[in-house]
Amino acid sequence: MNNAMIAIDIGASSGRHMLGQVKNGRLELTELYRFSNGAQRKNGRLCWDIDRLFAEILNGLRTARAQGITPRSVAIDTWGVDFVLLDAQGRMLGDAVSYRDGRTQGMDEIVRRVIDEEALYARTGIQKQPFNTIYQLTALREAGELDAAQEMLLLPEYLNYLLTGQRVHEYTNASTTGLLDARARAWDWELIDRCGFPRRLFGPLSQPGTRVGALLPEIAQAVGFDTQILLAPTHDTAAAVMAAPLEANDAYLSSGTWSLLGMELPAPILTPESRARNLTNEGGAQGTIRYLKNIMGLWMLQELRRELCPQTSFAELAALAERHDGYPGRVDCNAVRFLAPVSMAAELRSALAEGGYPAPADVGDLTACVCHSLADCYRAAVDELEALTGRRIACLRVVGGGCRNDYLNRLTARALARPLTAGPAEATAIGNLLSQLLHAGEIHTLAEGRALVRASFTLKAYA
């Protein structure tokens, strides 16, 4: 398998090692290894168990070796905004705190003292979210926890560092921090200085497809082979959009724990109206901008399932929601109250009562409410995108694990009154693999990569 590649795709609830190979003009995928993930309370904070995540990365590589696979390259992607700090000896300082932790409460007010939100958006183009890296770093600065820090590595960069010993910073994930100049696509040093963050924390940025390095000798010995680690679009949404089968004037919906609905543009939109509508400009592969709206997404269904019916599959949950299709309750999925509630069911019931809706009878009513509310949010986001870009969206391309929710796809197509396609479900891993193919010279452009996706995976169409 001298042309095999491995994409390590880690999400907030699970991770997996996906083997990719091009055979007869098609990209073939095989899941090699899967593991669970989730933030846990530690030292009074909601944290990621970064040591266990790294151990699972090694376990998955050992699994590949046990199957006779020696990949020519490996790349990692995760979610955005979260990071670790390194001390002068290159050791991790503190914990890998999750974006859902409450430490950023009130930090926007502190940042506002040095730059107002209009000016901040005009520089970075990043949607205001309470968990943005700029607010996380402000919380640490206020607590005096940046003094000993020598470098900041976003989570996939840190995992690459553990594998190779090389500290390489990647553009698409860095764009989520709220600290990049959106036009220059580089660190905004004036903003960083205003915020009181040491410049030493922020290393030079590299593009997806860059080589990070070979495995450290002790890592190669532990997994049974050596290989090269490459930079994927390390932000999972950037990887998923790379694999979205977009054509002219299409929009994408990367559907998972979060729903990211947007368009691919050549340049950012930094207008006051764009800021007022809370759209964001994040870095994409091959020089593109992902102009999108963050929507709470399937997190709400995941939490309902965890809390009320953990033995129910997501397919069964969608079927249950459809049986309760007549429940009229709707909520604003983007409300901050749904970000990290103690009880998602209780928060939904409270929001529905405040909205004057009849009390939901059971989990079927609650899931129907969430699915309809998500479809409404998607329609509103499409309306905003069209107003701000001046383009009529021809088709919505739904990718990621959420594209398997047939009921939600039908609700969304009906709400948008335009075509929708679903697939591929493994878009994030596929985008990761496309970046490795670009590095190898087997494809040369984003268009070639998307043509390979269309040739390799079946898309389900909704009218």
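The values are calculated or read from the model by the stated rules, or taken from the named source; none is laboratory data. Nothing here was measured: the structure is a model prediction, and the numbers come from that model. Cβ coordinates were reconstructed from backbone atoms using ideal geometry, including for glycine residues, and neighbour counts include every protein chain displayed. Areas reflect the complete protein model, heavy atoms only, side chains present, ligands, DNA and RNA absent. Shrake-Rupley method; radii C 1.70, N 1.55, O 1.52, S 1.80 Å.
Assess whether residue 102 counts as being small (Gly, Ala, Ser), closer than 21 Å to residue 202 by Cβ and either open to solvent by 30 Å² or more (accessible area, probe 1.4 Å) or at pLDDT 95 or above (or both).
So residue 102 does not fit the description; no.
For the stretch 118-143, which residues satisfy the criterion of being among the basic types (Lys, Arg) and in a helix (DSSP H, G or I)?
123, 141 - these are the residues of the stretch 118-143 that are among the basic types (Lys, Arg) and in a helix (DSSP H, G or I).
Of all helices (runs of 4 or more DSSP H) completely enclosed by the stretch 144-249, which ones contain at least 2 residues that are under 30 Å from residue 395 (Cα atoms) and of a type in the set (S, T, N, Q)?
Those helices (runs of 4 or more DSSP H) span 171-174.
Tell me, which residue of the stretch 245-274 that is in contact with a Leu (Cβ under 9 Å, 6 or more places away or on another chain) and more than 29 Å from residue 452 (Cα to Cα) is surrounded by the fewest Cβ atoms within 10 Å (Cβ to Cβ)?
Step by step, filter the stretch 245-274, then rank; the result is 273.
Which residue out of 337, 305 is of a type in the set (Lys, Arg) and touching a Ser or Thr at 6+ places or on another chain (Cβ under 7 Å)?
Details: 337 fails: touching a Ser or Thr at 6+ places or on another chain (Cβ under 7 Å).
Of 337, 305, the one residue that is of a type in the set (Lys, Arg) and touching a Ser or Thr at 6+ places or on another chain (Cβ under 7 Å) is 305.
For residue 214, state whether it is touching an Asp or Glu at 6+ places or on another chain (Cβ under 9 Å), of a type in the set (A, V, I, L, M) and closer than 30 Å to residue 72 by Cα.
On the way: touching an Asp or Glu at 6+ places or on another chain (Cβ under 9 Å): yes; of a type in the set (A, V, I, L, M): yes; closer than 30 Å to residue 72 by Cα: yes.
The answer is yes for residue 214.
Output the number of the condition that residue 415 fails; it satisfies all remaining conditions of (1) assigned to a loop (DSSP other than H, G, I, E, B); (2) closer than 19 Å to residue 260 by Cβ.
It fails just one condition, (1).
So how many residues does the stretch 298-319 have that are open to solvent by 70 Å² or more (accessible area, probe 1.4 Å) and either closer than 17 Å to residue 400 by Cβ or touching a helix residue (DSSP H, G or I) at 6+ places or on another chain (Cβ under 6 Å) (or both)?
Summing the residues that are open to solvent by 70 Å² or more (accessible area, probe 1.4 Å) and either closer than 17 Å to residue 400 by Cβ or touching a helix residue (DSSP H, G or I) at 6+ places or on another chain (Cβ under 6 Å) (or both) in the stretch 298-319 gives 3.
From (1) hydrophobic (A, V, I, L, M, F, W, C); (2) closer than 22 Å to residue 457 by Cβ; (3) open to solvent by 20 Å² or more (accessible area, probe 1.4 Å), pick out the condition that doesn't hold for residue 4.
Condition not satisfied by residue 4: (3).
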